[in-house]
1. Give me the pairs, please: first residue somewhere in segment 178-189 and at positive phi, second residue anywhere and assigned to a strand (DSSP E or B) and surrounded by 16 or more Cβ atoms within 10 Å (Cβ to Cβ), beta-carbon distance under 6 Å, and either six or more positions apart or on two chains.
2. Within 17 Å of the chain's Cα centre (by Cα) and within 17 Å of residue 204 (Cα to Cα): does that describe residue 159?
3. Would you mind stating whether residue 64 is modelled with pLDDT of 95 or more and either touching a strand residue (DSSP E or B) at 6+ places or on another chain (Cβ under 7 Å) or farther than 30 Å from residue 188 by Cα (or both)?
4. Using the structure shown, decide if residue 171 is touching a residue at least 24 places away in the same chain (Cβ under 8 Å), within 22 Å of residue 63 (Cβ to Cβ) and over 18 Å from the mean Cα position of the chain (by Cα).
């Protein structure tokens, strides 16, 4: 059942993103100020007591759609796939072994406050959504998940865009994400207790403005 919910969330998020792209393309000549960003980078899952035994690394691919409300305020939605990286981690008793975190999907809705300046625009951003830890029972995965787990998550951070041309810009973004698994989340809790999982994400890429 949880797998079906996860698939529906992913389909809904992708449909919304494709709808935004289609609408933005149809209105490109009118200069609505909408923006589509594609970014990649580096993400760290921090150690906690109930799921992540050490700092784990993955590589996020992020698509973000921005809808301006005023010159300084905008709504954003982003969909991210976090690709795990194999790494040597401490598994106790002074022993290290190669492990990977699970594949993650993130869906976030945020409010962005920008300060347009000459050529570049710094911003602050924050919001909420969900993170899905995809099931994988391979021996090298940590945590080892028999079922996918979708949990509530928040995000906040800062970034900037730098205009290259009328429609194109460079974008860099630092985001803190926190996922809050339930106390009975299989694989993410121990003894009826689950800690928040904090993740730092640094990404950069290009933005296209319509």
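1. Pairs found: 187/145.
2. Details: within 17 Å of the chain's Cα centre (by Cα): yes; within 17 Å of residue 204 (Cα to Cα): yes.
It is true that residue 159 is within 17 Å of the chain's Cα centre (by Cα) and within 17 Å of residue 204 (Cα to Cα).
3. Values: modelled with pLDDT of 95 or more: yes; either touching a strand residue (DSSP E or B) at 6+ places or on another chain (Cβ under 7 Å) or farther than 30 Å from residue 188 by Cα (or both): yes.
The answer is yes for residue 64.
4. Details: touching a residue at least 24 places away in the same chain (Cβ under 8 Å): yes; within 22 Å of residue 63 (Cβ to Cβ): yes; over 18 Å from the mean Cα position of the chain (by Cα): no.
Against the criterion (touching a residue at least 24 places away in the same chain (Cβ under 8 Å), within 22 Å of residue 63 (Cβ to Cβ) and over 18 Å from the mean Cα position of the chain (by Cα)), residue 171 does not qualify.
The values are calculated or read from the model by the stated rules, or taken from the named source; none is laboratory data. Source: prediction; values computed, not measured. Every residue, glycine as well, gets a Cβ built from its backbone with ideal geometry; the counts of neighbours run over all protein chains shown.
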